[in-house]
1. Name the residue that is nearest to the chain's Cα centre (by Cα), counting only residues in the stretch 51-79 that are buried (at least 16 other Cβ atoms within 10 Å of the Cβ) and part of a helix (DSSP H, G or I).
2. Residues 91, 95, 85, 57: which one is free of Cβ contacts under 8 Å to residues at least 12 places away in the same chain and under 24 Å from residue 32 (Cα atoms)?
3. Please go through the stretch 140-165 and give me each residue that is crowded, with 19+ Cβ neighbours inside 10 Å and in a loop (DSSP other than H, G, I, E, B), ordered by number.
4. So, of the residues in the stretch 87-99 that are within 22 Å of the chain's Cα centre (by Cα) and surrounded by fewer than 16 Cβ atoms within 10 Å (Cβ to Cβ), which turns out to be nearest to ligand 3 (Cβ to nearest atom)?
5. Residue 17: away from ligand 3 (no atom under 16 Å from the Cβ) and either surrounded by 13 or more Cβ atoms within 10 Å (Cβ to Cβ) or part of a loop (DSSP other than H, G, I, E, B) (or both), yes or no?
6. Farther than 13 Å from residue 52 by Cα and either in contact (Cβ under 8 Å) with a residue 40 or more places away in the chain or surrounded by 13 or more Cβ atoms within 10 Å (Cβ to Cβ) (or both): is that true of residue 116 in this structure?
7. Is at least one residue of the stretch 242-254 away from ligand 1 (no atom under 16 Å from the Cβ), part of a helix (DSSP H, G or I) and surrounded by 14 or more Cβ atoms within 10 Å (Cβ to Cβ)?
8. Looking at (1) closer than 30 Å to residue 115 by Cβ; (2) outside any helix (DSSP H, G or I); (3) free of Cβ contacts under 8 Å to residues at least 60 places away in the same chain, which is the one condition that is false for residue 228?
Ligand SMILES: *[C@@H]1O[C@H](CO)[C@@H](O)[C@H](O)[C@H]1NC(C)=O
Ligand SMILES: *[C@@H]1O[C@H](CO)[C@@H](O)[C@H](O)[C@H]1NC(C)=O
Ligand SMILES: *[C@@H]1O[C@H](CO)[C@@H](O)[C@H](O)[C@H]1NC(C)=O
Ligand SMILES: *[C@@H]1O[C@H](CO)[C@@H](O)[C@H](O)[C@H]1NC(C)=O
């Protein structure tokens with residue numbers, strides 16, 4: 001089970017340092033200067049990143065000028081700005097840390113369910129900061145406070161978006177490793193590998209292997225797993241084998257060929 005420990009370590013986010021009261025007050029006062037411009041803020045984000053606009057089914061592919069003054073646009077803009085206002089109001093007070101964590105974790109889960117990527121959260125951040133720079137009094141201290149606030153938010157959101165196991169997202173590995181849920185997932189993954197490995201080396205099983213591995217690719221695509229993440233899994237698996245089995249050149253070459261064959265089926269399906 002050590003291998004899963006290593007893998008899971010890679011997906012647990014960093015612990016952020018909370019905003020001081022002074023930093024929070026810089027973020028709060030600069031936000032107050034613009035937070036009544038909900039429509040303009042969302043329009044600035046969409047103008048800079050049409051791929052974000054396209055995540056909203058009712059706005060996808062439409063001309064920004066034609067949607068900007070609609071009620072639906074105002075509704076979404078208000079929802080997004082109100083969320084930011086809520087989190088910003090809670091910042092700079094350690095008593096609110098759990099409330100912020102829960103709000104921002106839910107934000108991550110909701111957006112993951114809608115197929116929003118961490119890169120798109122990064123785009124939103126870039127557009128928001130550009131908007132602030134253009135519309136508030138933007139000194140180095142304000143920039144640093146916003147940067148820290150956004151870093152803290154991203155430290156919570158990104159593991160929820162990227163972590164492919166929603167029940168483990170953002171959690172300390174030591175706290176999940178001995179749970180039944182962890183054992184269930186570990187057994188499922190290892191059993192799948194055992195099944196495919198048992199079928200290998202016999203041409204009569206080629207169709208069965210192809211079908212199992214194709215389904216693996218399709219299932220993981222549906223959960224937003226990338227080819228790069230399959231590559232990470234492979235790297236961690238091989239490192240685990242190297243450390244724990246008798247690993248000669250012939251063993252390495254056989255595993256490499258087996259994994260290349262598997263990837264040749266999985267990767268085109270992602
Ligand atoms: C910090 O938050 C707690 C709980 O929300 C609240 O009772 C307290 O008054 C806040 N402290 C400050 C300095 O705002
Ligand atoms: C915010 O900045 C943008 C870009 O400079 C500008 O077009 C817009 O008018 C500003 N908004 C307000 C409310 O001043
Ligand atoms: C190869 O697989 C077929 C079908 O699963 C099986 O009948 C046969 O015994 C296997 N051959 C070897 C050498 O294991
Ligand atoms: C597998 O290798 C890792 C890394 O060297 C080691 O920590 C772990 O104890 C090994 N597992 C077993 C069951 O020997």
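Just so you know, all these numbers are worked out from the coordinates, no wet-lab data involved. Source: prediction; values computed, not measured. Neighbour counts run over all protein chains shown; Cβ positions are idealised from the backbone, glycine included.
1. Looking at the filtered set, the residue picked out is 52.
2. It is 95.
3. Matches in the stretch 140-165: 163 only.
4. By that ranking, first place goes to 98.
5. Taking the combined requirement at face value, the residue satisfies it.
6. No.
7. Within the stretch 242-254, not a single residue is away from ligand 1 (no atom under 16 Å from the Cβ), part of a helix (DSSP H, G or I) and surrounded by 14 or more Cβ atoms within 10 Å (Cβ to Cβ).
8. Evaluating residue 228 over (1) closer than 30 Å to residue 115 by Cβ; (2) outside any helix (DSSP H, G or I); (3) free of Cβ contacts under 8 Å to residues at least 60 places away in the same chain leaves (2) as the failure.
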